[in-house]
Amino acid sequence: MVNLIIPDKWQQDAVNLLRDGKDVVVQAPTGAGKTYIFELMYESLRGQAVYTVPTRALANDKLAEWRARGWDVGISTGDLAENLGARVVVATLETQKGRFLRREGPRLLVVDEYQLLADPVRGMNYELILSLAPSETQILLLSGSVANPEDVVAWLKRIGRNAALVEHRERPVRLEEVILNDIPVQTPGLINGYWPRLISRALLANLGPLLIFAPRRNMAEELAQSLAGALGIEQPMSISHEQAAAAGQPLAKLLRHRVAYHHSGLSYAVRAGIIEPLAKRGQLRVVVATMGLAAGINFSMRSVLVTGTHYMAGNVQRHVRPDELLQMFGRAGRRGLDEAGYALVTPDVPRLHEAFPLRLKRPAPMDWPSFLAVMNVAASRGEDPFLSALELSQRLFSARTLTLGVERFYDAGTRPCRLRVDDERGRFVRRHQEEMQNSRGRWQTQPGVAETTLGSLFVKTKLGRWRPALTVASTLDDIGFGNICRIQTERHHFVYGREIPVASVSGKEWRPVKWLRKLLRLRHPLVSGKQNLTQEDFERELVPLVTREMGGQFWDLVLRERVVVARFRFDNLTARGYLDEFGHWLADPQTKRDYPEVCRGCEFRAECEGMELSVTPAYAWRQLGLIDESGKPTRRGILFSFFNQGEGLAIAAALEHADYPVEDLVFDLGNLRAGHRFALDESQFAGRLGLVCQQTYHRADFAGYLEMGAPQAYGAGAAEVIREVVENQTSRHKLVNELLRYGDIERAITEWRSLLRQIVQAPDYGWDRWRALKQVSEQFVNSTRSTALQPLPILLPAQLKRYQPR
């Protein structure tokens with residue numbers, strides 16, 4: 001709202017360093033005027049400058065601002081590409097990755113909010129682009145929430161760049177903390193509710209206008225509505241029918257009360273065309289925004305209140321980080337209008353001392369697609385792909401050595417197995433072939449253990465000879481009960497069995513012995529009363545009961561003096577053994593492990609066998625079928641390298657299914673960035689594309705790339721909504737519900753168009769399916785329109801008079 005004319009000394013220092021050809025890292029508070037450094041450079045630019053911002057909304061905002069000054073400006077935000085040869089191109093950083101992978105770049109690259117270098121999802125792209133920037137590209141990094149900018153300067157110097165740091169710690173508008181509960185203002189009795197009463201105190205104490213951050217969309221809307229109802233209409237604002245129609249009746253009513261909510265469920269036209277301009281012009285008393293959209297807010301208000309310590313990011317609850325708090329509180333105080341900005345707090349919400357800069361460190365995963373792209377270029381030149389990947393890994397922003405997973409192979413010379421991936425060698429050497437000594441003392445491959453009978457099993461004696469198991473008395477040590485006995489078989493052979501007294505004989509009467517009578521009383525009371533039986537009755541009624549208890553097979557009855565002894569064999573009892581090549585079942589044969597042939601005489605065998613196994617990037621690439629043994633990317637790997645995160649994995653898998661029509665796939669791609677909102681009660685991974693991914697990648701999990709086999713941002717249901725809007729021209733308002741808002745549908749279509757544009761601009765590849773997808777994608781990119789290009793219902797200055805609180 002106030003044009004800077006005379007730059008501060010720190011801004012002049014940064015400009016002078018840039019004009020001397022150095023890279024510059026600027027650390028200064030939010031609102032201090034970091035962007036002005038670049039604006040001072042515009043007239044002296046000696047080539048194209050690319051100014052990157054975190055969000056599309058900020059890019060569109062800068063485009064409009066600088067075009068209004070008469071600058072030559074283009075834009076590149078994925079779904080929108082216009083005037084790309086302009087003197088200045090405002091862009092999201094990811095759109096520039098392709099040119100940097102080709103080692104091309106603009107004359108000046110500006111990265112606003114470069115603390116995204118540490119973002120777990122987007123940070124990989126920031127890191128790669130900065131590490132690949134050619135020497136002729138100057139770099140200007142801007143942030144207000146980095147605790148260790150000197151480490152970033154040291155990194156740039158380590159990779160051969162001439163970098164300098166410019167720090168400015170003083171806020172242009174001082175920031176003070178105000179405890180809402182202690183404001184000495186009486187709240188009108190008609191105002192009810194915890195937050196409305198506290199917030200009304202701040203407004204009555206002339207601390208407005210207020211920017212309030214809420215954890216969730218519903219809370220943002222409910223709080224805005226309760227505030228508008230509690231505060232009444234003070235100097236109501238008139239809005240046009242066009243603006244009211246765009247905003248919708250609930251929000252339009254709030255705007256007349258000079259209150260608004262601001263979240264991603266609103267359309268871009270409402271956020272960027274109505275709410276943000278009104279906030280910048282000081283027309284709103286209160287704006288309630290969601291915390292997840294904090295980085296995309298490009299306006300300040302006198303006071304800021306953060307109402308919680310957690311917020312929802314997709315379907316995951318996240319704790320508010322100190323640097324995120326710093327950004328939120330940094331929106332307090334309007335330069336040129338306020339002498340101070342105020343952080344409004346209560347005992348239950350984050351305090352000002354909890355907001356401090358983030359200490360940058362690189363995100364955990366590497367940017368796999370960029371590595372595959374570099375490796376593919378190396379392979380096309382006849383160079384070693386893995387060596388090029390190792391060189392790139394050494395240029396990343398890290399305080400420790402990053403492991404790619406091929407380092408040992410290149411440290412100590414060529415291995416006979418030619419397996420370059422360390423974890424692959426470690427697993428290969430562990431693929432021992434088990435051998436056993438067979439019944440004739442020879443070594444043979446050990447088969448799997450299987451079931452047989454004890455009568456067929458052979459055991460090894462202490463003398464080292466194989467004998468039938470039942471010819472060794474100790475075999476029955478844990479089988480049956482009674483005494484071990486020898487039972488004669490055919491051809492004068494014998495086996496061991498068991499015998500036990502079962503009856504005493506007196507004349508023709510057989511009386512069960514004591515142990516058997518006790519057993520009958522306990523387990524078979526119906527026959528326990530039969531004390532004297534004939535031989536026939538005893539054999540018919542009691543012998544089967546004894547056999548069942550013994551667990552073997554009844555053999556015969558032997559009369560010894562006046563006692564009858566029952567004998568049992570165990571030939572048919574189930575046993576487990578190994579069938580050797582001579583047809584003998586062996587119990588516990590002697591075994592040994594035999595290494596793969598190439599490993600037997602290898603000097604590195606001990607190193608490989610002692611290696612701690614893990615899933616390194618190189619091993620993951622092999623598992624996913626992205627590279628061959630030499631490191632050369634496969635067709636799947638090449639397509640994967642054209643995209644970000646796991647999107648390329650999904651696209652490659654779908655194209656590999658020849659029965660998957662490209663005309664259906666082009667819409668199904670809308671699921672890849674949709675998240676959880678469109679799935680409703682169905683599985684987030686539903687839909688044909690999700691099923692294909694899970695089948696191809698076996699429901700694998702790789703942080704940053706796959707979850708349950710599908711890309712992490714995958715969300716079923718978006719494809720059907722996009723198709724309904726694009727093909728059937730269904731109004732988006734007819735598709736909304738309590739969970740799914742107009743802005744969600746708009747963003748899904750925007751992300752879909754962005755992905756299609758990425759496919760269109762991706763390199764050619766000699767595969768009919770890929771070329772067909774490029775052709776169909778181009779048709780839809782050209783036949784649909786970005787919301788950023790649609791006219792916005794922005795309030796004209798003539799309609800507005802600055803809001804003056806009474």
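Before we move on, is N218 open to solvent by 10 Å² or more (accessible area, probe 1.4 Å) and either aliphatic (A, V, I, L, M) or in a helix (DSSP H, G or I) (or both)? Break it down into steps so the answer makes sense when it comes.
On the way: open to solvent by 10 Å² or more (accessible area, probe 1.4 Å): yes; either aliphatic (A, V, I, L, M) or in a helix (DSSP H, G or I) (or both): yes.
Judged against the criteria, N218 is a match.
Looking at A118, is it in contact (Cβ under 8 Å) with a residue 12 or more places away in the chain, aliphatic (A, V, I, L, M) and within 24 Å of L325 (Cβ to Cβ)? Steps first, answer last, please.
Numbers: in contact (Cβ under 8 Å) with a residue 12 or more places away in the chain: yes; aliphatic (A, V, I, L, M): yes; within 24 Å of L325 (Cβ to Cβ): yes.
So A118 passes the test.
Out of all the residues in region 590-630, which are under 30 Å from Q444 (Cα atoms) and of a type in the set (G, A, S)? Before you say what the answer is, go through the steps one by one.
Initially, region 590-630 is screened for residues under 30 Å from Q444 (Cα atoms), giving 590-611, 613.
Correct list: G601, A606, G610.
For region 516-625, list the strands (runs of 3 or more DSSP E) that sit wholly inside it and hold at least 2 residues that are of a type outside the set (F, W, Y) and without any contact (Cβ under 8 Å) to a residue 24 or more places away in the chain; which are they? Explain how you work it out, then say what you get.
Numbers: elements: 553-560, 563-569, 574-579, 591-594.
Passing ranges, in order: 553-560.
Out of contact with any strand residue (DSSP E or B) (no Cβ under 9 Å at 6 or more places or on another chain) and in contact (Cβ under 8 Å) with a residue 60 or more places away in the chain, is that true of L101? Explain how you work it out, then say what you get.
Numbers: out of contact with any strand residue (DSSP E or B) (no Cβ under 9 Å at 6 or more places or on another chain): yes; in contact (Cβ under 8 Å) with a residue 60 or more places away in the chain: yes.
So L101 passes the test.
Mind listing whichever residues of region 547-564 are among the aliphatic types (A, V, I, L, M) and farther than 23 Å from G507 by Cα? Let's see the steps before the verdict.
We begin by selecting, within region 547-564, every residue among the aliphatic types (A, V, I, L, M); these are 550, 557-559, 563-564.
The answer is M550, and nothing else.
How many residues, within region 580-625, are hydroxyl-bearing (S, T, Y) and either over 36 Å from the mean Cα position of the chain (by Cα) or exposed (fewer than 11 other Cβ atoms within 10 Å of the Cβ) (or both)? Quick ask: steps written out before the conclusion?
First, the residues of region 580-625 that are hydroxyl-bearing (S, T, Y): 591, 595, 614, 616, 619.
In the following step, the residues that additionally are either over 36 Å from the mean Cα position of the chain (by Cα) or exposed (fewer than 11 other Cβ atoms within 10 Å of the Cβ) (or both) were identified as 591, 595.
Number of matching residues: 2.
Name the residue that is modelled with the highest pLDDT, counting only residues in region 783-806 that are assigned to a helix (DSSP H, G or I) and surrounded by 11 or more Cβ atoms within 10 Å (Cβ to Cβ).
T787
Within the set of pairs 6+ apart or on separate chains, which have a first residue in region 31-54 that is more than 12 Å from L18 (Cα to Cα) and without any contact (Cβ under 8 Å) to a residue 60 or more places away in the chain, a second that is aliphatic (A, V, I, L, M) and open to solvent by 30 Å² or more (accessible area, probe 1.4 Å), and C-beta atoms under 6 Å apart?
Short answer, once both residue conditions are applied: Y36/L4.
Would you pick out the residues in region 326-341 that are open to solvent by 20 Å² or more (accessible area, probe 1.4 Å) and either assigned to a strand (DSSP E or B) or more than 19 Å from S143 (Cα to Cα) (or both)?
Step one: of region 326-341, the residues open to solvent by 20 Å² or more (accessible area, probe 1.4 Å) are 326-327, 331, 334-337, 339.
Of everything in region 326-341, those that are open to solvent by 20 Å² or more (accessible area, probe 1.4 Å) and either assigned to a strand (DSSP E or B) or more than 19 Å from S143 (Cα to Cα) (or both) turn out to be G336, L337, E339.
Among (1) touching an Asp or Glu at 6+ places or on another chain (Cβ under 9 Å); (2) open to solvent by less than 10 Å² (accessible area, probe 1.4 Å); (3) outside any loop (DSSP other than H, G, I, E, B), which single condition is A164 missing?
Single failed check for A164: (2).
Residue-wise test of (1) closer than 18 Å to M375 by Cβ; (2) small (G, A, S).
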| site | (1), (2) |
| --- | --- |
| W621 | yes, no |
| L626 | yes, no |
| E629 | yes, no |
| R635 | yes, no |
| N644 | yes, no |
| I651 | no, no |
| A654 | no, yes |
| A658 | no, yes |
| L665 | no, no |
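Residues of region 199-215 being open to solvent by 10 Å² or more (accessible area, probe 1.4 Å) and either out of contact with any Ser or Thr (no Cβ under 8 Å at 6 or more places or on another chain) or among the polar types (S, T, N, Q) (or both), which ones?
L203, A205, N206
Suppose the filter is open to solvent by 30 Å² or more (accessible area, probe 1.4 Å) and touching a residue at least 40 places away in the same chain (Cβ under 8 Å); does P322 pass it?
Numbers: open to solvent by 30 Å² or more (accessible area, probe 1.4 Å): yes; touching a residue at least 40 places away in the same chain (Cβ under 8 Å): no.
Criteria not met by P322.
Any residue in region 680-687 that is in a helix (DSSP H, G or I), of a type in the set (D, E, K, R) and over 17 Å from the mean Cα position of the chain (by Cα)?
Filtering region 680-687 down to residues in a helix (DSSP H, G or I) leaves none.
Taking every residue of region 680-687 in turn, none turns out to be in a helix (DSSP H, G or I), of a type in the set (D, E, K, R) and over 17 Å from the mean Cα position of the chain (by Cα).
Listed here are the residues, each with its yes/no results for (1) open to solvent by 60 Å² or more (accessible area, probe 1.4 Å); (2) touching a residue at least 12 places away in the same chain (Cβ under 8 Å); (3) closer than 29 Å to L101 by Cα.
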position	(1), (2), (3)
A710	no, yes, yes
A719	no, yes, no
R723	yes, yes, no
H733	yes, no, no
Y742	yes, yes, no
I745	no, yes, no
L755	no, yes, yes
Q761	yes, yes, yes
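Which one of V527, V563, V505, V558 is in contact with a Pro (Cβ under 6 Å, 6 or more places away or on another chain) and open to solvent by 20 Å² or more (accessible area, probe 1.4 Å)? So that I can check it myself, show each step before the final result.
Details: V527 fails: in contact with a Pro (Cβ under 6 Å, 6 or more places away or on another chain); V505 fails: in contact with a Pro (Cβ under 6 Å, 6 or more places away or on another chain); V558 fails: in contact with a Pro (Cβ under 6 Å, 6 or more places away or on another chain).
After applying the criteria, what remains is V563.
Residue by residue through region 134-161, note down the ones that are open to solvent by 10 Å² or more (accessible area, probe 1.4 Å) and not basic (K, R).
P134, S135, E136, Q138, G144, A147, E150, D151, V153, A154, I159, G160
Just name the residue that is surrounded by the fewest Cβ atoms within 10 Å (Cβ to Cβ) out of those in region 115-133 that are in contact with a helix residue (DSSP H, G or I) (Cβ under 8 Å, 6 or more places away or on another chain) and not in a helix (DSSP H, G or I). It would help to see each step written out before you state the result.
The initial filter retains those residues of region 115-133 that are in contact with a helix residue (DSSP H, G or I) (Cβ under 8 Å, 6 or more places away or on another chain), namely 115-117, 119, 122-133.
Those left that are additionally not in a helix (DSSP H, G or I): 119, 122, 133.
On the way: D119: 16, R122: 18, A133: 22.
The selected residue is D119.
State the number of residues belonging to region 70-114 that are closer than 24 Å to F371 by Cβ and either open to solvent by 10 Å² or more (accessible area, probe 1.4 Å) or not in a strand (DSSP E or B) (or both). Break it down stepwise before answering.
Filtering region 70-114 for residues closer than 24 Å to F371 by Cβ gives 76, 78, 91-106, 109, 111, 114.
Checking the rest, the ones that are also either open to solvent by 10 Å² or more (accessible area, probe 1.4 Å) or not in a strand (DSSP E or B) (or both) come to 76, 78, 92-106, 114.
Of the residues in region 70-114, 18 are closer than 24 Å to F371 by Cβ and either open to solvent by 10 Å² or more (accessible area, probe 1.4 Å) or not in a strand (DSSP E or B) (or both).
Yes/no per residue for (1) in a loop (DSSP other than H, G, I, E, B); (2) open to solvent by less than 30 Å² (accessible area, probe 1.4 Å); (3) free of Cβ contacts under 8 Å to residues at least 60 places away in the same chain:
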position: A343; (1), (2), (3): no, yes, no
position: L360; (1), (2), (3): yes, yes, no
position: P369; (1), (2), (3): no, yes, no
position: V374; (1), (2), (3): no, yes, no
position: A379; (1), (2), (3): no, yes, no
position: L387; (1), (2), (3): no, no, yes
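Somewhere in region 690-704, is a residue touching a Lys or Arg at 6+ places or on another chain (Cβ under 7 Å), at pLDDT 95 or above and either open to solvent by 40 Å² or more (accessible area, probe 1.4 Å) or acidic (D, E) (or both)? Write out each step before concluding.
Filtering region 690-704 for residues touching a Lys or Arg at 6+ places or on another chain (Cβ under 7 Å) gives none.
For region 690-704, residues touching a Lys or Arg at 6+ places or on another chain (Cβ under 7 Å), at pLDDT 95 or above and either open to solvent by 40 Å² or more (accessible area, probe 1.4 Å) or acidic (D, E) (or both): absent.
Hand me the list of helices (runs of 4 or more DSSP H) wholly inside region 1-69 holding 3 or more residues that are farther than 30 Å from V270 by Cβ and open to solvent by less than 20 Å² (accessible area, probe 1.4 Å). Walk me through how you get there before you give the answer.
Details: elements: 9-19, 35-41, 56-68.
Output list reads 9-19.
Quick one: in region 222-236, which of the residues that are in a helix (DSSP H, G or I) and without any contact (Cβ under 8 Å) to a residue 60 or more places away in the chain is nearest to the chain's Cα centre (by Cα)? Even if it seems obvious, please write down each step before you answer.
Initially, region 222-236 is screened for residues in a helix (DSSP H, G or I), giving 222-231.
Checking the rest, the ones that are also without any contact (Cβ under 8 Å) to a residue 60 or more places away in the chain come to 222, 225-226, 228-231.
Details: E222: 32, Q225: 36, S226: 37, A228: 40, G229: 42, A230: 43, L231: 43 Å.
Filtering first and then ranking leaves E222.
Being in contact (Cβ under 8 Å) with a residue 24 or more places away in the chain, in a helix (DSSP H, G or I) and either closer than 20 Å to M366 by Cβ or within 20 Å of the chain's Cα centre (by Cα) (or both) narrows it down to one residue among L691, L665, L669, L655; which is it? Step through it out loud before you land on a result.
Numbers: L691 fails: in contact (Cβ under 8 Å) with a residue 24 or more places away in the chain; L665 fails: either closer than 20 Å to M366 by Cβ or within 20 Å of the chain's Cα centre (by Cα) (or both); L655 fails: either closer than 20 Å to M366 by Cβ or within 20 Å of the chain's Cα centre (by Cα) (or both).
Checking each option against the conditions leaves just L669.
When you scan region 334-351, do you find a residue that is modelled with pLDDT under 90 and touching a Pro at 6+ places or on another chain (Cβ under 7 Å), even just one?
yes
The values are calculated or read from the model by the stated rules, or taken from the named source; none is laboratory data. These figures come from a predicted structure and were not determined experimentally. Glycine also receives a Cβ, built like all others from the backbone with ideal geometry; neighbour counts cover every protein chain displayed. Accessible surface areas use protein heavy atoms only, side chains included; no ligands, DNA or RNA. Shrake-Rupley method; radii C 1.70, N 1.55, O 1.52, S 1.80 Å.
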